[in-house]
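> Pasting a structure below so you can have a look.
Each value in this text was obtained by applying a stated rule to the coordinates, not by laboratory testing. None of the values given here were measured: they were computed from a predicted structure. Methodologically, a virtual Cβ is constructed for each residue, glycine included, from the backbone with ideal geometry; neighbour enumeration extends over all protein chains shown.
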Amino acid sequence: MSSHKCKSATGTRDPVRQLLDQGRPQEALNLLKHLGQNAASSKNIQAVCLLRLGKIREAMSLLSEITFQGNICIPPDTPVVFQTNFATAMLMANNKEAAISVVKHLDDSQHPAVAKVKNAIKTWERSLNLMQRVLYKLGIYPGKAIPVDFVPGDLE
């Protein structure tokens with residue numbers, strides 16, 4: 001008989017992290033729902049599971065809630081990981097403008113996820129032809145999606 005210490009959002013991370021590390025996001029999501037956590041950190045974890053399941057709209061909804069906290073702009077005390085997960089969801093939904101807007105204000109040294117998202121954007125920028133680059137610099141985003149070539153979502 002094992003003892004479960006999954007009462008707090010922090011305590012839920014270990015079994016959920018294990019499931020995610022094993023490539024089992026649906027099971028991780030089921031565990032979170034079973035535990036009934038509603039803190040922002042738990043919503044972030046749920047969103048990571050949803051991103052990895054390809055349920056982008058559901059993830060965006062949770063991430064928008066915890067990133068913007070009811071504001072129009074992202075509050076300065078919003079954890080960087082919430083912001084990068086939101087930006088990743090935006091990339092996955094092909095909303096380049098929103099993703100770029102979020103990460104351009106973040107420094108790579110704040111969190112490894114910042115560099116992941118920014119590198120995906122830089123790679124995309126280099127793949128644009130001359131006309132697309134000119135339009136992009138003028139604020140007209142080409143339809144070409146920015147590939148998310150990394151495992152989406154970070155827990156902390």
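> So, counting K/R as plus one and D/E as minus one, what does the shell of residues with Cβ under 12 Å around THR123 add up to?
Taking every other residue near THR123 into account, the sum is +3.
> Report the residue, chosen from LEU106, LEU63, LEU130, that carries the largest GNM mean-square fluctuation when the chain is represented by alpha-carbon nodes joined by springs under 10 Å.
Looking only at LEU106, LEU63, LEU130, the largest GNM fluctuation is found for LEU130.
> Between 0 and 90 degrees, rounded to the nearest ten: what's the tilt of helix 112-127 against the longest Cα principal axis of the chain?
The helix 112-127 is inclined about 30 degrees to the chain.
> Let me ask something else. What does the C-alpha gyration tensor say about the overall shape of the range 53-119? Classify as rounded when a/c is under 1.5, otherwise prolate if a/b is larger than b/c, or oblate.
Note, shape of the range 53-119 comes out oblate.
> Run lengths n ≥ 4 of DSSP H only: what is the helix-derived mean residue ellipticity at 222 nm for the chain, with -39500 (n - 2.57) per run over all residues, to the nearest 500?
Taking each H run of at least 4 residues, the total per residue is -19000 deg cm²/dmol.
> Within 10 Å, count the other beta carbons around each residue, average over each peptide in 18-24, 29-35, and list them highest first.
In descending order of packing, they fall as 29-35, 18-24.
> What angle do you read, to the nearest 10 degrees and between 0 and 90, between the alpha-carbon axis of helix 40-52 and the longest principal axis of the chain?
Result, in degrees: 70.
> Take the residue pairs LYS118/LYS144; LYS33/LYS104; LYS43/LYS122; LYS33/LYS118; LYS43/LYS144; LYS33/LYS96 and return only those whose Cα atoms are more than 26 Å apart.
The pairs that break the limit, which is 26 Å between Cα atoms, are LYS33/LYS104; LYS43/LYS122; LYS33/LYS118; LYS43/LYS144; LYS33/LYS96.
> Looking at the chain from every direction and averaging, what is the projected area of its Cα convex hull in nm²?
For the chain, averaging the hull's shadow over all directions gives 9.9 nm².
> For the chain, what's the relative contact order in percent, using C-alpha pairs closer than 8 Å and at least 6 residues apart?
Relative contact order for the chain comes out at 21 percent.
> How many nm separate the modelled label positions at ALA39 and ARG133, each set 7 Å beyond the Cα in the direction of the Cβ?
4.7 nm
> Between THR84, THR67, THR123, which gets the highest mean-square fluctuation from a Gaussian network model of the chain, Cα cutoff 10 Å?
In this elastic network of the chain, the residue with the biggest mean-square fluctuation among THR84, THR67, THR123 is THR123.
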